[in-house]
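K.L.:
Questions regarding the structure given below will be posed in turn.
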Amino acid sequence: MRTLDFAVIGAQKAGTTSLRHYLRSHPEIYTPEGETPFFTRDFLYEAGWEEFANASFSSADRECLWGVVSPQYKGDLCAPRRLHQHNSRLKLIVLLRDPIERARSHHRMATRRQQENRSFEEAVLELLDRERIDLSPPPPEPECYLEWSCYGFVLEKYLKYFDREQIILLFTNNLKNNPSQETKKLYSFLEVENEYVPPNVGRKYNDSGPEEILTVIRRAFRGSIIRKFWHRRVNEKTKQNVYDMMRKVISIAPGNIDKPSSKVSKITREKLISFFKLDVKKIEKIQIKYSLE
């Protein structure tokens with residue numbers, strides 16, 4: 001059975017949606033529409049790769065590189081082992097953002113989903129009191145603003161299964177400020193035509209608005225018979241058409257959610273920098289150049 005060639009494993013709120021669209025535009029690459037968290041959804045994983053591939057890659061050219069995109073792969077410690085069992089030669093793509101800014105964006109997302117009533121400062125001060133990183137089992141999203149910004153901690157888990165040469169790190173600011181250079185670097189890593197310039201390069205695809213509401217809908221049906229039928233029996237082209245139609249309907253729907261403040265005081269910011277310093281050292285230890293901004 002045909003296996004994956006690569007996986008984008010996060011980080012969440014770091015620009016993975018834009019990256020997925022850039023990948024999808026390349027003629028030598030195929031990745032399904034939307035996030036594909038096969039390796040972190042037990043009911044999908046237990047049903048088997050063949051069933052998932054038949055549903056998600058039914059319209060894919062077998063000569064193309066096949067890939068999946070899911071920030072969830074960086075927040076679930078079962079993912080490294082499952083990905084390695086699937087294909088030990090898999091290439092992994094990681095997109096990193098300043099950890100504090102990523103946490104702030106994560107908090108705003110949780111607020112839009114009505115999962116969070118605390119201000120960002122209130123939330124992180126509670127989380128800082130724990131002074132630990134714990135992703136097993138995966139905590140609820142409002143409890144992992146800091147954990148999911150600890151890139152070194154999670155990358156260490158992946159390096160138990162994959163060689164460093166199988167992993168490429170890209171950075172959100174670089175993708176935003178020089179998208180052509182970053183996509184060329186990415187295409188070179190994947191060994192496809194690297195001079196190809198995506199027609200949508202530089203366009204920002206934001207997960208807010210319609211994408212957030214679609215996420216809420218997906219979560220509402222998680223584990224249901226309807227969701228299982230959707231993943232297992234509906235082909236990729238039909239899924240994409242339905243998602244496009246839903247986005248159009250949602251985009252014109254009225255209504256806003258009052259958002260608690262995402263501002264952070266200088267003292268709290270200093271505490272956050274101190275918290276993330278240990279993780280930065282982990283990244284440096286595995287020879288990845290990175291620094292807090």
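K.L.:
Just name the residue that is nearest to N200 (Cα to Cα) out of those in the stretch 135-163 that are at pLDDT below 90 and open to solvent by 70 Å² or more (accessible area, probe 1.4 Å).
P.N.:
The selected residue is P140.
K.L.:
Which ones in the stretch 61-83 are assigned to a helix (DSSP H, G or I) and in contact (Cβ under 8 Å) with a residue 60 or more places away in the chain?
P.N.:
Matches in the stretch 61-83: P71, Q72, Y73, K74, A79, P80, R81, L83.
K.L.:
Here's another thing I want to ask about it. Looking at the stretch 265-291, which of its residues are in contact with a helix residue (DSSP H, G or I) (Cβ under 6 Å, 6 or more places away or on another chain), at pLDDT below 85 and either part of a helix (DSSP H, G or I) or under 16 Å from A103 (Cα atoms) (or both)?
P.N.:
Matches in the stretch 265-291: K282, I283.
K.L.:
Can you pull out the residues in the stretch 14-28 that are open to solvent by 20 Å² or more (accessible area, probe 1.4 Å) and either within 14 Å of the chain's Cα centre (by Cα) or farther than 19 Å from N235 by Cβ (or both)?
P.N.:
G15, H21, S25, P27, E28
K.L.:
Looking for whichever is part of a helix (DSSP H, G or I) and over 16 Å from I9 (Cβ atoms) here; the options are E51, E116. Which one fits?
P.N.:
E51
K.L.:
Considering only residues that are of a type in the set (A, V, I, L, M), surrounded by fewer than 22 Cβ atoms within 10 Å (Cβ to Cβ) and in a helix (DSSP H, G or I), which ones fall in the stretch 88-109?
P.N.:
Answer for the stretch 88-109, where residues must be of a type in the set (A, V, I, L, M), surrounded by fewer than 22 Cβ atoms within 10 Å (Cβ to Cβ) and in a helix (DSSP H, G or I): just M109.
K.L.:
Would it be correct to say that T31 is of a type in the set (S, T, Y) and open to solvent by less than 10 Å² (accessible area, probe 1.4 Å)?
P.N.:
Against the criterion (of a type in the set (S, T, Y) and open to solvent by less than 10 Å² (accessible area, probe 1.4 Å)), T31 qualifies.
K.L.:
Mind counting the residues in the stretch 186-210 that are at pLDDT 85 or above, surrounded by 15 or more Cβ atoms within 10 Å (Cβ to Cβ) and not in a loop (DSSP other than H, G, I, E, B)?
P.N.:
Result for the stretch 186-210: 4.
K.L.:
Looking at T31, T40, which is the one that is of a type in the set (V, I, T), at pLDDT 90 or above and more than 13 Å from the chain's Cα centre (by Cα)?
P.N.:
Step by step, each of T31, T40 is checked, and only T31 is of a type in the set (V, I, T), at pLDDT 90 or above and more than 13 Å from the chain's Cα centre (by Cα).
K.L.:
Hey, could you check the stretch 42-53 for residues that are touching a residue at least 12 places away in the same chain (Cβ under 8 Å) and not acidic (D, E) and say which is surrounded by the fewest Cβ atoms within 10 Å (Cβ to Cβ)?
P.N.:
Out of the qualifying residues, it is F43.
The values are calculated or read from the model by the stated rules, or taken from the named source; none is laboratory data. Note that the structure is a prediction, hence the values are computed from the model and not measured. Note: ideal-geometry Cβ built from the backbone for every residue, glycine included; neighbour counts use all protein chains shown. Quick note on the areas: whole protein, heavy atoms, side chains included, nothing else; ligands and nucleic acids left out. Shrake-Rupley method; radii C 1.70, N 1.55, O 1.52, S 1.80 Å.
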